[in-house]
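J.: Okay, handing you the structure first.
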Amino acid sequence: MVLSVLLLLLVSTAQAAHFYGTMMTYYPKITPGSIKVVLRYKLNFHTCTGSDSWECPSSNCGTQSPIVLKNVDQESSGDWCQREGIMTRQLASNAPFQLVLRGGNWINNVKNGINLWRAVTLVELRNRSDTGRANASPQTTILPALRVPSNCRRDFNLLAFDPDGDEVRCRYGNTTEMECNPCTPPSVLSLSSSCTLSFSPTSSSNEGAYVVQLVIEDFARQIITLTQTSGVQTTINTNVAISKIPVQFALRVDPVVPSCTEGLYLPKFLPPTPANRARLYTPVNQSLEISISAEATISTISELLFSGPHNINEATSAAGRFTLRWTPSENEDGESHPVCFVVQAVSNSVKYHSELRCVILL
């Protein structure tokens, strides 16, 4: 009996530690006499108890305030939970620095052989000659897991935009630069530099879970100068990345579906669902509502899955009818926040995802 209980506890602990990826963005908060940066990141685990912290391997990371870590969304059957961490650092200078998240293990039976996790953020806060202010990172978010049947083509158009107007490019992580551990890309996906992941129909032998480990970087559209508080200046051209953020998640390639036509098994978005990459504005302390509608005539729509700020609230009004509400606080004034979502449906215990849609809250 005691042995059975111990085994059960070991299994429960292992499941709780299963990693589903991360991502990070940052917001400079620089005023005369004060250099601060607010970093918002996602931690995705099998359960909402999973946790980890970012390390700073250099000496110029400043003083960290207590981290706020709150739930964003949880898949109803318990596959995953996404939490958002908000970290504020007070710095002595605007010199660049790195933050590293590392540990293990990813989810079980990953087809591309990823076990341990590692993610790297490069924070660049030096003053830009083109904007006259500190550099802001590219902005994005992602769900912990996306699904696609093995016989259906699908493009995942990742949200990737930059508040400074920079060109944003996506690439797979590089093992040599220790951006993941290791960085083996999924064989079933192709990636464009404009951040579209494309999946083509594949054989049943390729069904299963894959780990996707991306790096998103911003590139100035002209030669610029970065100025440090010490007065040291660095000139960079349009082929040198200014900052970088990690985007890591799981892709589940599921068994074949009888039809790939949207609206049958795979949910199809309907009006008034906002278009992908729509920009939605709201003043501080006023609520913004995002109405999302979808249909599936053969499968049954079960839930909306989303990723965004932790202070978004979800409501369901009817089958396939959802509302997300967000009220920005004074601390979020002037910031932009990405939100991504899919609608999940079920038929004979098999789960189906709609396309991925993302919007920008301003």
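The values are calculated or read from the model by the stated rules, or taken from the named source; none is laboratory data. Predicted, not measured: the structure shown is a model, and the values here were computed from it. Please note: Cβ atoms are built from the backbone with ideal geometry, for glycine as well, and neighbour counts cover all protein chains shown. The protein model used for the area step is the full one, side chains on, heavy atoms only, and it has no ligands, DNA or RNA in it. Shrake-Rupley method; radii C 1.70, N 1.55, O 1.52, S 1.80 Å.
J.: If Lys and Arg each add +1 and Asp and Glu each add -1, what is the summed charge of the other residues whose beta carbon sits under 15 Å from the beta carbon of Ala241?
T.: The answer is -3.
J.: Still on this model: Can you tell me, using C-alpha contacts under 8 Å and at least 6 residues apart, the relative contact order of region 211-362 as a whole percent?
T.: 23 percent
J.: Now for a separate question. For region 15-88, what D do you get in µm² per second when you plug the Kirkwood radius from alpha-carbon pairs into Stokes-Einstein at 20 °C and 1.002 mPa s?
T.: 157 µm²/s
J.: Can you list residues from other chains, or at least 5 along the same chain, whose modelled amide H is less than 5 Å from the amide H of Asp73?
T.: For Asp73, the qualifying residues are Gln82.
J.: Could you work out the helix-only [θ] at 222 nm for the chain, with each DSSP H run of four or more residues adding -39,500 (n - 2.57) and the total divided by the number of residues, to the nearest 500 deg cm²/dmol?
T.: It comes out at -1500 deg cm²/dmol, rounded to the nearest 500.
J.: Straight distance only, please: which lysines reach the Cα of Lys351 with their own Cα at less than 23 Å, same-chain residues fewer than 8 apart left out?
T.: Lys111, Lys268
J.: Starting from the residue with the highest accessible area, list Lys42, Lys36 in decreasing order, probe 1.4 Å.
T.: Lys36, Lys42
J.: Provide the gained length on full extension for the span Glu177 to Ser59, in nm with one decimal, where the gain is 0.36 nm per separating residue minus the Cα-Cα distance.
T.: 40.5 nm
J.: I would also like to ask the following. If you restrict to DSSP beta bridges whose two residues both lie in the chain, what percentage is antiparallel, to the nearest 5?
T.: The antiparallel fraction comes to roughly 90 percent.
J.: Can you give me the solvent accessible area of Glu335 with a 1.4 Å probe, rounded to the nearest 10 Å²?
T.: Result for Glu335: roughly 20 Å² accessible.
J.: Given an 8 Å cut-off on Cα distances and at least 6 residues of separation, report the relative contact order of the chain as a percent.
T.: After rounding, I find 16 percent.
J.: Next up: Among all the lysines, which ones have a C-alpha under 25 Å from Lys36's C-alpha, if same-chain residues fewer than 8 places away are not counted?
T.: Lys70, Lys244
J.: While we're on this one: Where does each of 45-51, 119-125 land if you order them by average Cβ count within 10 Å, highest first?
T.: The packing order, highest mean first, is 119-125, 45-51.
J.: Within the accessible area of region 230-362, what % is carbon and sulfur when the probe is 1.4 Å and the other protein chains stay in place?
T.: 47 percent
J.: Take the solvent-accessible surface of the protein heavy atoms, probe 1.4 Å, and return the percent of it on region 171-219 that carbon and sulfur atoms account for.
T.: Roughly 51 percent of what the probe reaches on region 171-219 is carbon or sulfur.
J.: Over region 20-142, with every protein chain in place, what whole percent of the accessible area is carbon and sulfur at 1.4 Å, could you tell me?
T.: Carbon with sulfur: 46 percent of the solvent-accessible area.
J.: Could you work out how far apart the two model spin labels at Asn237 and Glu207 are, taking each label as a point 7 Å from the Cα in the direction of the beta carbon, and quote it in nm?
T.: Each label point lies 7 Å from its Cα, and together they span 5.0 nm.
J.: Excluding ligands, DNA and RNA, what is the solvent-accessible area per residue of the chain at a probe of 1.4 Å, expressed in Å²?
T.: 42 Å²
J.: Between the alpha-carbon centers of region 145-210 and region 293-341, tell me the distance in whole angstrom.
T.: Between the Cα centre of region 145-210 and that of region 293-341, the gap is 23 Å.
J.: Over region 162-223, what is the mean sequence separation of C-alpha contacts under 8 Å (at least six apart), divided by residue count, expressed as relative contact order in percent?
T.: Dividing the mean separation by the residue count of region 162-223 yields 47 percent.
J.: Quick one: if you take sqrt(5λ) for each eigenvalue of the C-alpha gyration tensor of region 230-291, what semi-axes come out, biggest first, whole angstrom?
T.: 39, 25, 12
J.: Go through region 142-198 and name the trypsin sites (Lys or Arg not before Pro) that are in a DSSP coil and have 14 or fewer other Cβ atoms within 10 Å of their Cβ.
T.: Here the sparse-neighbourhood loop sites are Arg153.
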